Amino acid sequence: MISSNIAKRYARAFFDIAGEDNQYEKYFGELQSVSSIIGGNKDLKEFLSNPIFDQSDKKVVVGQILGKVDISHMTENFINLLVDKRRIDVLPDIADSYRELMDGTLRKIQVEVKTAFPLKSDLMERLQKSLEVMTGKAVEMAVSEDASLLGGLVVKVGDTYYDGSIKTQLNNIRNLLGEEL
C-alpha cells in the first residue's frame, strides 16, 4: 500500500511535468522503456533494489543504461531522481500509475480481448468501434489467443469482464442441468 501511494505521487509529479511540455505519451513511452529494461533483467532489478549496494554504484549503472536508451532529458532527470531517492524499484508501479493518469486525461481505455481463434481485421475494427461507443473513450486493444475458450471471446474493460466464450456457456449449461437433477 505504501509503495502504491509513493508510486502515485511520483507518477502525478512526472505527469504534471509532461502536461506542461504536452508530452504525455512520449514520456510514458520512455518510462515504460526504462521500466521494461530494468524489469526484464532479474539481476539488475535485485541490484537496484538492494540497500546493501552503494548509491553511487547504482547511479553509474543507471547512467550507463540511460546512455544506451533514446529518452528525453526530462525523463532522464526523473529516473536519476528515483535513484537518488532510493525509489527506482518502484518504477514499474510509477509507470502503471502514470498510464492511468494519461488514459484518464486523453480519454483512452485499455481493453484486453481473448479469443479462441485469430480475429480478422474487419472483425477487430468492428469490435473496437463497438467498445468505443460503449465506453465513450478511445480504445487500445490487446488481443491474445486462448484455445481453451473453444470459441467466442472474453473482453476485459477496466475491472469488468464480458465473457462470451463457448467454454463459459457450456459450464453454465452444465451447472443448470446439474441443479435440475
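One residue stands out among those in the range 51-68 that are in a loop (DSSP other than H, G, I, E, B) and at pLDDT 90 or above: the one that is farthest from GLU20 (Cα to Cα), which is ILE52. Kindly check whether there is at least one residue in the range 27-39 that is assigned to a helix (DSSP H, G or I), loosely packed, with under 15 Cβ neighbours inside 10 Å, out of contact with any Asp or Glu (no Cβ under 6 Å at 6 or more places or on another chain) and charged (D, E, K, R). No, every residue in the range 27-39 fails to be assigned to a helix (DSSP H, G or I), loosely packed, with under 15 Cβ neighbours inside 10 Å, out of contact with any Asp or Glu (no Cβ under 6 Å at 6 or more places or on another chain) and charged (D, E, K, R). Does ASP89 meet the test of being assigned by TED's automatic domain parsing to the domain that holds GLU25, touching a Ser or Thr at 6+ places or on another chain (Cβ under 6 Å) and part of a helix (DSSP H, G or I)? In short, yes.
SER56 falls short of the stated requirement of being touching a residue at least 12 places away in the same chain (Cβ under 8 Å) and not charged (D, E, K, R). Within the range 128-157, the set of residues being closer than 21 Å to ALA116 by Cα and assigned to a loop (DSSP other than H, G, I, E, B) comprises ASP146, LEU150, GLY151, GLY152.
Determine if the range 159-167 includes at least one residue that is surrounded by 16 or more Cβ atoms within 10 Å (Cβ to Cβ), more than 30 Å from ARG12 (Cβ to Cβ), touching a residue at least 24 places away in the same chain (Cβ under 8 Å) and within 22 Å of the chain's Cα centre (by Cα). Checked the range 159-167: no residue is surrounded by 16 or more Cβ atoms within 10 Å (Cβ to Cβ), more than 30 Å from ARG12 (Cβ to Cβ), touching a residue at least 24 places away in the same chain (Cβ under 8 Å) and within 22 Å of the chain's Cα centre (by Cα).
Comparison of ALA147, ALA95 shows that the only residue that is out of contact with any Gly (no Cβ under 7 Å at 6 or more places or on another chain), touching a residue at least 12 places away in the same chain (Cβ under 8 Å) and in the same structural domain as ILE17 (by TED's automatic domain parsing) is ALA95.
The values are calculated or read from the model by the stated rules, or taken from the named source; none is laboratory data. Bear in mind the structure is a predicted one, so any value in this text is a computation, not a measurement. Virtual Cβ from ideal backbone geometry, glycine too; neighbours counted across all protein chains shown.
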